[in-house]
Amino acid sequence: MLVTGCGLSEQHNGGYAEVVRVPADWVVPIPDSLDPFKVMAIGTAGFTAALAIARMQDNHQDPRLGPVLVTGATGGVGSFAISLLNGLGYEVVALTGKSDATPYLLSLGAGRVLDRHSLGLKSQPMERAQWGGAIDNVGGDILSWITRTVNPWGNIASIGQAAGVDLKTTVMPFILRGVSLLGVSSANCPREWRMRLWQQLASDMYPRHLDSIVTDTVSMEQLPGIFEKVLSGKIKGRVVVDIKSR
Ligand SMILES: NC(=O)c1ccc[n+]([C@@H]2O[C@H](COP(=O)([O-])OP(=O)(O)OC[C@H]3O[C@@H](n4cnc5c(N)ncnc54)[C@H](OP(=O)(O)O)[C@@H]3O)[C@@H](O)[C@H]2O)c1
């Protein structure tokens with residue numbers, strides 16, 4: 001059995017417990033082709049990336065609309081988003097702040113890597129459209145810029161706020177280009193979608209680069225050092241916590 005989201009370790013204690021009692025409708029059976037390690041390696045990051053892609057495809061995202069931009073690319077959600085989009089036949093452009101991350105991002109399936117420090121953000125209501133869609137993990141000025149640069153009928157999945165919670169844009173991309181801004185909330189995801197997405201992650205959406213994204217397993221004692229890296233934006237991929245190792 002697996003649980004992700006549902007407020008576990010947010011409003012409810014127990015994310016690192018060996019045994020936990022939770023409402024039955026939080027619990028998803030581990031699909032046959034996965035195991036406890038793999039589902040926790042995919043975890044909330046992989047599930048959230050899958051949810052974002054499902055929302056975009058439900059709203060007619062298609063590889064023919066153009067390349068999909070993934071921001072916060074080396075983070076957990078970003079890494080899974082690149083791998084999953086690549087597996088589904090999308091051209092992916094990764095946006096990162098890490099100058100040494102290009103080989104890692106190309107190995108996950110990005111076709112191109114952009115440096116977020118050299119974007120030269122402008123402020124017109126609309127700019128040259130260049131993305132078929134976007135998976136945004138950072139919010140703030142970068143999300144604002146994405147709204148101005150997505151091709152007609154493209155979808156933007158808004159997932160995170162690593163760069164800020166503000167969104168400054170106009171209605172122009174929505175009413176002149178038919179762009180859609182889709183919210184992604186993995187914690188509140190309806191159970192029916194949760195069940196379906198885990199089945200897809202175990203089959204046609206399986207993240208083929210899981211071993212490259214999750215390279216470390218750490219003990220509880222090692223967690224403070226990992227948290228430092230997460231908070232300073234230095235984390236790459238995802239880390240699994242072995243709650244039994246002492
Ligand atoms: N909506 C949901 O359901 C949901 C679910 C999971 C996570 N989240 C949120 O989504 C975001 C990504 O999650 P995650 O697990 O992938 O986090 P993560 O592993 O910490 O990765 C975040 C990435 O964002 C980039 N970044 C960090 N600071 C930045 C800044 N100041 N400006 C621009 N980019 C910055 C970095 O990537 P680069 O160095 O490659 O640019 C970093 O690796 C977080 O904000 C998280 O809270 C939301």
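Before moving on, here are some points about what is shown:
- Three-way shape label, the chain, alpha-carbon gyration tensor, a/c 1.5: prolate
- Cα shape, region 46-187, gyration tensor, a/c 1.5 rule: rounded
- For the chain, the membrane-span-like helices by this rule, meaning whole DSSP H stretches whose C-alpha atoms cover at least 18 Å of axis and whose Kyte-Doolittle mean is 0.0 or above, are 36-58; this says nothing about an actual membrane.
- Å³ per residue enclosed by the Cα convex hull of region 4-95: 128
- Using R0 = 25 Å, the C-beta based FRET efficiency linking ASP166 and SER232 works out to 0.70.
- Region 132-207 and region 48-75 have Cα centres separated by 7 Å.
Since every read-out is calculated from the coordinates, none of them should be taken as a lab result. Keep in mind that what you see is a predicted model, and the values were worked out from it rather than measured. Every residue, glycine among them, receives a Cβ derived from its backbone with ideal geometry; neighbour counts consider all protein chains shown.
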